[in-house]
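The values are calculated or read from the model by the stated rules, or taken from the named source; none is laboratory data. Just so it is clear, the model here is predicted, and its values are computed rather than measured. Counting neighbours? That spans all protein chains shown, and the Cβs are built from the backbone with ideal geometry, glycine included. Just the protein is used for accessible areas: all its heavy atoms, side chains included, with ligands, DNA and RNA removed. Shrake-Rupley method; radii C 1.70, N 1.55, O 1.52, S 1.80 Å.
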Amino acid sequence: MKHSLPLFGKRGRSAVFTAISALVLVAAFLLGIGANALVVANNSYIDETPEGLYTLTDAFLEEVGDIKDEITITFCADPDVLLNNYTTRYVYIMAREIEKAMPNVTVKTHNITRNPTAVQEFRTTSSTV
């Protein structure tokens, strides 16, 4: 006795399985994007380097612990651009770690390609120096 879905022929079942597979792939892709967004938003990186490259030392925290002024660290690029370059990745992650450890430190990122006026206050020319 042959078992089959009563409403679908062989082609119909194939189309249904293809659609389900595509939906599973899209859902997995969206889940990955969402998880990455949470990691970036919460600065939830895990330092897996043997040297503790992305970990603030107690000596550093003791040295800067007396600073009470409000500090803003501004990057002129989006976080994904900063994280894709080895050098800027290190600086950006360390800035976020400092922000997490010190309540008076804020890290901001600006996409100056889309919004060049976001950092206008920092602009200098030879006549302003």
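Summary table
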{"read-out": "Selection within the range 105-119 - open to solvent by 90 Å² or more (accessible area, probe 1.4 Å) and of a type outside the set (Ser, Thr, Tyr)", "value": "Lys108, Arg114"}
{"read-out": "The listed residue being under 15 Å from the mean Cα position of the chain (by Cα) and among the β-branched types (Val, Ile, Thr), out of Ile93, Ile73", "value": "Ile93"}
{"read-out": "Residues satisfying the stated conditions in the range 104-126, i.e. in a loop (DSSP other than H, G, I, E, B) and of a type in the set (A, V, I, L, M)", "value": "Ile112"}
{"read-out": "Any hit, the range 100-108, residues being at pLDDT 90 or above and among the polar types (S, T, N, Q)", "value": "yes"}
{"read-out": "Residue selected from the range 58-104 under the condition of a type in the set (Gly, Ala, Ser) and open to solvent by 30 Å² or more (accessible area, probe 1.4 Å), by the criterion nearest to Leu38 (Cα to Cα)", "value": "Ala101"}
{"read-out": "Which numbered condition Ile112 fails, given (1) under 23 Å from Gly34 (Cα atoms); (2) over 16 Å from the mean Cα position of the chain (by Cα)", "value": "(1)"}
{"read-out": "Condition check for Thr55: among the hydroxyl-bearing types (Ser, Thr, Tyr), open to solvent by 50 Å² or more (accessible area, probe 1.4 Å) and in contact (Cβ under 8 Å) with a residue 40 or more places away in the chain", "value": "yes"}
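A quick yes/no check of all residues on (1) modelled with pLDDT of 85 or more; (2) assigned to a helix (DSSP H, G or I):
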position: Ser14; (1), (2): no, yes
position: Ala19; (1), (2): yes, yes
position: Ala27; (1), (2): yes, yes
position: Leu31; (1), (2): yes, yes
position: Ala41; (1), (2): no, yes
position: Glu48; (1), (2): no, no
position: Thr55; (1), (2): no, no
position: Ile73; (1), (2): yes, no
